[in-house]
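The values are calculated or read from the model by the stated rules, or taken from the named source; none is laboratory data. Predicted, not measured: the structure shown is a model, and the values here were computed from it. FYI the Cβ positions are ideal-geometry reconstructions off the backbone, even for glycines, and counts take in every protein chain you see.
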Amino acid sequence: MLPVEHPLDKQQYKLYDAQVAAFTGTPLHAALSTSECGRFNRAIFSRATLAGYWHGMSIPTLEIVTCLGEYAGTAYWFRSTREKTRIRLTSEGKLGWVIAHEAAHILLMAGRPENIALEMHGKEYVAVYLWAVGALFGKKWSNRLKGAFREVSIESACALKDD
Ligand SMILES: [Zn+2]
């Protein structure tokens, strides 16, 4: 079988920079305790279930790790089996918006075949991420993120005007 050719992740670094610009210095950038991370994780997937994004699968396991190796960033997610998904956070990644960012990746892939070719931080991802921030923290914060995305012309499947 040929490996899946994922489309180029064109917006990745632009989106990374825009989210840091949006949240640095705000309460969403404050370091959380492990139990607070767990509470945010459960809250976001419970809301996603209600909103129809997440269909009866179990809430992803949250793992806090001290070091992920030289190639890994502050956080990532992976599906260890079809039913089990994990979010890994380093100690620097224990932030509300980082959990929303990783949760949005899982929500985007929920119900899709594992080999689907999808731009990792493409316009569909952006729409789910904005939903996740709004659902977890409120419209004030999703509007702030939209503003940061507008400024650098991030492509989005939803309108980037304020709610
Ligand atoms: Zn990402």
Scan (1) free of Cβ contacts under 8 Å to residues at least 60 places away in the same chain; (2) in a loop (DSSP other than H, G, I, E, B); (3) under 28 Å from N143 (Cα atoms) for the single condition L108 breaks and write down its number. (2)
Within the stretch 1-43, take every residue that is of a type in the set (F, W, Y) and away from the ligand (no atom under 13 Å from the Cβ) and give me the one that is nearest to S153 (Cα to Cα). F23
Kindly indicate whether any position in the stretch 123-134 is more than 15 Å from the ligand (Cβ to nearest atom), β-branched (V, I, T) and over 19 Å from L62 (Cβ atoms). no
Matching residues, the stretch 73-100, being within 11 Å of the ligand (Cβ to nearest atom), under 10 Å from the mean Cα position of the chain (by Cα), farther than 18 Å from S46 by Cβ and not in a strand (DSSP E or B): V98
Exactly one of (1) under 24 Å from S156 (Cβ atoms); (2) modelled with pLDDT of 80 or more; (3) touching a helix residue (DSSP H, G or I) at 6+ places or on another chain (Cβ under 8 Å) is unmet by T74. Its number? (2)
Determine the pairs where a residue that is surrounded by 22 or more Cβ atoms within 10 Å (Cβ to Cβ), located within the stretch 85-98, has a partner that is assigned to a strand (DSSP E or B) with Cβ atoms under 6 Å apart, the partner being 6 or more residues away or on another chain. T85/R79; I87/L62; I87/W77; L89/I64; L89/A75; G93/A75; V98/A75
